[in-house]
Amino acid sequence: MKKYLINYYENTRQYYGNYHDHKEISAWSGLVIHILFCTFIVLANPTGQLKIIMTIGFTISVIIVTILLFMYIRNQLNLKDKAGALAAASNFILTELIAKDDNSTDFREYLSVEESSDIKYQSTHVLPKKLLNKVKIYDSRGRGAQDFTRTMIYGLLVISAISVIFYRWIAIL
């Protein structure tokens with residue numbers, strides 16, 4: 001039984017570790033898309049009477065795209081955080097299992113799954129209770145790097161939006 005549990009938690013750790021990396025890349029990709037969008041707005045060159053109307057349209061477009069990409073990036077970062085906590089919790093339980101006596105009979109706690117009313121994450125419906133309890137702990141620890149990444153992405157998103165809006169309005173003067 002111990003061998004199967006170690007395999008299960010190793011696969012879980014690996015899956016959520018990869019998922020964590022994918023979600024971070026997705027969040028940064030959202031920022032890249034935003035910067036490309038802003039670049040196209042800056043490169044647009046309306047002339048004549050359309051300058052003011054186009055600048056208003058550009059401003060509205062930048063605000064809408066910024067809000068939508070903010071929501072997308074926030075979701076990706078939240079999923080990244082959850083996946084990181086799941087990978088860390090799986091690693092902790094792996095260490096616990098490896099240290100456990102092979103003849104132990106109390107392995108059931110490592111597979112016990114409870115019904116969940118969570119509508120946000122599917123993982124709460126299928127992962128063992130012991131793992132999910134550890135996730136709650138790890139999701140609140142070691143937040144420094146996670147919070148810094150979040151601040152960097154949000155900061156760059158806001159700065160690029162404000163810069164392009166400012167540039168468009170200065171360009172019509």
* **Qualifying residues in region 122-144 (those that are β-branched (Val, Ile, Thr) and at pLDDT 80 or above) - the one surrounded by the most Cβ atoms within 10 Å (Cβ to Cβ)** => Val135
* Structure fact -> Log entry, pairs with first residue in region 133-147 being among the polar types (S, T, N, Q), second being modelled with pLDDT of 80 or more and not in a loop (DSSP other than H, G, I, E, B), beta carbons closer than 7 Å, six or more apart or on different chains, reads Gln146/Asp81
* **Residue within region 145-165 that is basic (Lys, Arg), surrounded by 12 or more Cβ atoms within 10 Å (Cβ to Cβ), at negative phi and modelled with pLDDT of 85 or more present** => yes
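Determine, yes or no, whether Gly30 is at negative phi, in contact with a helix residue (DSSP H, G or I) (Cβ under 6 Å, 6 or more places away or on another chain), at pLDDT 95 or above and not hydrophobic (A, V, I, L, M, F, W, C).
Spelling it out, Gly30 is indeed at negative phi, in contact with a helix residue (DSSP H, G or I) (Cβ under 6 Å, 6 or more places away or on another chain), at pLDDT 95 or above and not hydrophobic (A, V, I, L, M, F, W, C).
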* Asked: Scanning region 70-112 for residues that are assigned to a helix (DSSP H, G or I), among the hydroxyl-bearing types (Ser, Thr, Tyr) and touching a residue at least 24 places away in the same chain (Cβ under 8 Å), which turns out surrounded by the fewest Cβ atoms within 10 Å (Cβ to Cβ)?
  -> Tyr72
* Asked: Is it the case that some residue within region 101-118 is over 30 Å from Ser163 (Cβ atoms) and either of a type in the set (Val, Ile, Thr) or at pLDDT 90 or above (or both)?
  -> yes
* Structure fact -> Conditions (1) surrounded by fewer than 16 Cβ atoms within 10 Å (Cβ to Cβ); (2) modelled with pLDDT under 95; (3) not hydroxyl-bearing (Ser, Thr, Tyr) -> Ile60 fails only (2)
* Structure fact -> Listed by first then second residue, the pairs whose first member lies in region 36-51 and is within 16 Å of Ser160 (Cβ to Cβ), whose partner is among the charged types (D, E, K, R) and part of a helix (DSSP H, G or I), with beta carbons under 7 Å and at least 6 positions apart or on separate chains, are Ile41/Arg168
* Structure fact -> Only one of Tyr72, Tyr15, Tyr19 is over 21 Å from Arg168 (Cα atoms) and out of contact with any helix residue (DSSP H, G or I) (no Cβ under 8 Å at 6 or more places or on another chain), namely Tyr15
* Check off (1) of a type outside the set (Ser, Thr, Tyr); (2) part of a helix (DSSP H, G or I); (3) at pLDDT below 95; (4) surrounded by 14 or more Cβ atoms within 10 Å (Cβ to Cβ) for Pro46 and give me the number that stays unchecked. => (2)
* To do: Residues being in contact (Cβ under 8 Å) with a residue 12 or more places away in the chain and either in contact with an Asp or Glu (Cβ under 9 Å, 6 or more places away or on another chain) or not aliphatic (A, V, I, L, M) (or both): count how many of those fall in region 22-35.
  => 6
* Asked: When the residues of region 149-173 are filtered to those that are touching a Ser or Thr at 6+ places or on another chain (Cβ under 7 Å) and part of a helix (DSSP H, G or I), which remaining residue is nearest to Ser26 (Cα to Cα)?
  -> Leu157
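The values are calculated or read from the model by the stated rules, or taken from the named source; none is laboratory data. Being a predicted model, the structure only gives us computed values, none of them experimental. Reconstructed Cβ throughout: ideal geometry from the backbone, glycine too, with neighbour counts over all protein chains shown.
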